[in-house]
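Worksheet: the structure to be examined is printed underneath.
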Amino acid sequence: MSTPADTTAPSALQRLREGLPGLNPGDRRIAETILADPLGAGDSSITTVAAAARISPAAVSRFARKLGYAGFPALRAAIALDNGRAAQSGWERDIGTAITPADTSQDVLDILAGTAARALRDAAAVIDLVQVERAAEAITGAERVHLHGEWGDSIAVRELYLRLQRIGVAVWCHETGPHTLDLVARTLTARDVVLVLNRSGDDETALRLVRDAARAGTTTIAVHGAPGSALDQAVDIAVYTGIRNGSVWTQHFAGRASDTLLTSMLWLLVAQRRSADPTMRFVDDGTLEPHLSAPPRDTDR
């Protein structure tokens, strides 16, 4: 059996899981007790573990030596190390290394603010204004506009929907699955626009929607974080937000900042174009311009 010093050997908890089926009844109870609460076992005395396993402390000590450890304290230290590795691995997998569990709230605030500021600067340097203007023109001239985004992608899409609706655009927001989108696709015409926001650029639901829309002659727009992706290639107007799709939360946070920048700019360009056209002119408080308002009432009656 490999010694604990061998860094290529399985971890303590992995040894317990893999060896569980072949253990005798007493050792099996010890292993099951540890595996049921690894965090507790990594901080417990030998008597606590023995009591939970309904066995003697001496049996727990012998079990640790069978695993190749000098005794239970060495096994307990190995379990605690495994717990720390698992926690750190999970944190880094989900959140990344920019923020650590030890950071203060001020550190977290500074890092998030700095991440957003850098993302906006980087995005502003590379956003293709010609493509954004093309998208704004298409939305302005569309009979109907359909927006789609799922999960985190829906955040900026939902705000774009509310903003466009506010200035009088006939717009719908779809956060549902492929079956509903199939029904939407059947209503599309060449006078419509479909805009999807998908940072990865490879979402099958988004791809299916734009391909169905293209067959109907609908203008398709993609806002994405993956240049050269399938979605980038599948639409009429592809707009890269300037921040690539990431794999951990802090990278996604940067991407969301660029999503909001891009969609905010897009709705403002549409608002400018609508304001320049007297036939569809609305002010932002939701009221019609005077020349479009209802006629004054005759107060002499």
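The values are calculated or read from the model by the stated rules, or taken from the named source; none is laboratory data. These numbers come from a predicted model, not from an experiment. Positions of Cβ are backbone-derived with ideal geometry, glycine not excepted, and every protein chain shown enters the neighbour counts. Surface accessibility is based on the protein's heavy atoms, side chains included, excluding ligands, DNA and RNA. Shrake-Rupley method; radii C 1.70, N 1.55, O 1.52, S 1.80 Å.
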Boolean, ARG134 is over 23 Å from SER275 (Cβ atoms) and part of a helix (DSSP H, G or I): no
Matching residues, segment 170-181, being out of contact with any helix residue (DSSP H, G or I) (no Cβ under 7 Å at 6 or more places or on another chain) and either modelled with pLDDT of 90 or more or among the charged types (D, E, K, R) (or both): ALA170, TRP172
Qualifying residue in segment 76-89 (condition: closer than 16 Å to PHE253 by Cα and modelled with pLDDT under 80): no
Those residues of segment 45-60 which are surrounded by 18 or more Cβ atoms within 10 Å (Cβ to Cβ) and either within 11 Å of ILE34 (Cβ to Cβ) or not aliphatic (A, V, I, L, M) (or both), in sequence order: VAL49, ALA52, ALA53, VAL60
Tabulated pairs, segment 134-155, first among the basic types (Lys, Arg), second open to solvent by 60 Å² or more (accessible area, probe 1.4 Å) and assigned to a loop (DSSP other than H, G, I, E, B), C-beta under 8 angstrom, 6+ apart or interchain: ARG144/ARG191
Out of ALA156, ALA124, sole residue that is touching a helix residue (DSSP H, G or I) at 6+ places or on another chain (Cβ under 8 Å), open to solvent by 20 Å² or more (accessible area, probe 1.4 Å) and either aliphatic (A, V, I, L, M) or on the phi > 0 side of the Ramachandran plot (or both): ALA124
Where SER258 falls short, out of the listed (1) within 14 Å of ASP128 (Cβ to Cβ); (2) polar (S, T, N, Q); (3) open to solvent by 40 Å² or more (accessible area, probe 1.4 Å): (3)
Long-range neighbours under 7 Å by Cβ, at least six apart or interchain, first residue of a type in the set (A, V, I, L, M) within segment 17-29, second open to solvent by less than 30 Å² (accessible area, probe 1.4 Å): LEU20/ALA31; LEU23/ALA31
Pick from segment 137-153, criterion within 20 Å of ALA276 (Cα to Cα) and either acidic (Asp, Glu) or open to solvent by 70 Å² or more (accessible area, probe 1.4 Å) (or both), ranking: farthest from the chain's Cα centre (by Cα): GLU143
Any chance THR115 is at pLDDT below 85 and open to solvent by less than 60 Å² (accessible area, probe 1.4 Å): yes
Some residue of segment 158-179 being within 25 Å of HIS252 (Cα to Cα), touching a residue at least 40 places away in the same chain (Cβ under 8 Å) and of a type in the set (Gly, Ala, Ser): no
Residue within segment 214-228 that is closer than 26 Å to ALA117 by Cβ and surrounded by fewer than 20 Cβ atoms within 10 Å (Cβ to Cβ) present: yes
Number of positions in segment 182-209 that are in a helix (DSSP H, G or I) and over 21 Å from the mean Cα position of the chain (by Cα): 5
